[in-house]
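What follows is one structure encoded as structure tokens, with my remarks underneath.
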Amino acid sequence: MEYRSSKGTYSFSENVVLGYFLDLSKKMKPSTLWANYSMLKATLMLKQNVDITSYNKLRAYLKKQSVGYKAKKSKVFTNEQIREFMMNAPDDTYLMAKVVVIFGIYGACRREELCNIKLTDIEDLGSQLLVKIPCNKTNKPRSFIVNDTYLGTYRFKQVVGVHKFASIPQIVANFLKLSDANLYTGPLS
């Protein structure tokens, strides 16, 4: 932990860990602090055999930081909005976004899953596509079918990265002229 060496200590005492979270709280939201707490708890238990769940001052501090905090909720597209985008967005500008929407909805795919799909994972059956998602968050492979409604939209090739996948909901929201387009960050349906 770089924080410890910057403070000239090698301890994992409650005061040292609390100081670390005090520094983090200057640049992180309460929800992110809790996520960091969870990761640090697991790491320290595994690698140092230190159990920070008994650090009552630390937990009290994190709870206090969360008081009154209201997380931003991602917005979700309606079926009508998706249909409008798919029918009216020009292919010459939005073709890749349309394919991402199709795969995102049919496969309920996360952006990392979309990024990991390779051409060898897609079997063109003529009137349908069989898409296999080899690795995902649960480490259980799954597959989905894209029917002939959107088959023509799929048949193009372009390399796309994870950040581009993450921006697709905002691109769709901007096309639809929806307010707060930047809040469309999650699954497309």
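The values are calculated or read from the model by the stated rules, or taken from the named source; none is laboratory data. Please read all numbers here as calculations on a predicted model, not as lab measurements. Here the Cβ positions follow ideal geometry from the backbone for every residue, glycine too, while neighbour counts run over all protein chains shown. Just so you know, the surface numbers come from the protein's heavy atoms only, side chains and all, with ligands and any DNA or RNA stripped out. Shrake-Rupley method; radii C 1.70, N 1.55, O 1.52, S 1.80 Å.
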* Name the residue, out of 173, 60, 71, whose mean-square fluctuation peaks in a Gaussian network model built on the chain with Cα pairs under 10 Å. => 60
* Diffusion constant of the range 16-115 at 25 °C, which comes from Stokes-Einstein with the Kirkwood Cα-pair radius and 0.890 mPa s, µm²/s -> 142 µm²/s
* For residue 181 and residue 49, what does the FRET efficiency come to when R0 = 45 Å and r is the distance between their Cβ atoms, rounded to the nearest 0.05? -> 0.40
* Just need the relative contact order of the chain here, percent rounded to a whole number, with Cα pairs under 8 Å and 6+ apart. => 21 percent
* To do: Please turn the phi angles of the range 65-76 into ³J(HN,Hα) values with the Karplus equation 6.51 cos²θ - 1.76 cosθ + 1.60 (θ = phi - 60°), one per residue in order, whole Hz, x for glycine and proline.
  => 5, 7, 4, x, 6, 10, 5, 6, 9, 5, 8, 10
* **Inverse of mean 1/r across different Cα pairs in the chain, Kirkwood, Å** => 19.9 Å
* Accessible area per residue, Å², the chain with all protein chains present, probe 1.4 Å -> 63 Å²
* Asked: Put a dot 7 Å past each Cα toward the Cβ at residue 59 and residue 93; how far apart are the dots in nm?
  -> 5.4 nm
* **Computed E for residue 28/residue 125 - FRET, C-beta separation, R0 35 angstrom, nearest 0.05** => 0.15
* Asked: Can you list the aspartates and glutamates whose alpha carbon sits under 13 Å from that of residue 140, skipping same-chain ones fewer than 8 residues off?
  -> 113
* Kindly write out, for the range 53-61 in residue order, the coupling ³J(HN,Hα) from the Karplus curve 6.51 cos²θ - 1.76 cosθ + 1.60 (θ = phi - 60°), rounded to whole Hz, with x marking Gly and Pro. => 5, 8, 7, 5, 5, 5, 5, 5, 4
* Pairs 63/132; 137/164; 75/132: which are spaced more than 30 Å apart, C-alpha to C-alpha? -> 63/132
* Over the chain, what percent of the accessible surface lies on carbon and sulfur atoms, probe 1.4 Å? -> 52 percent
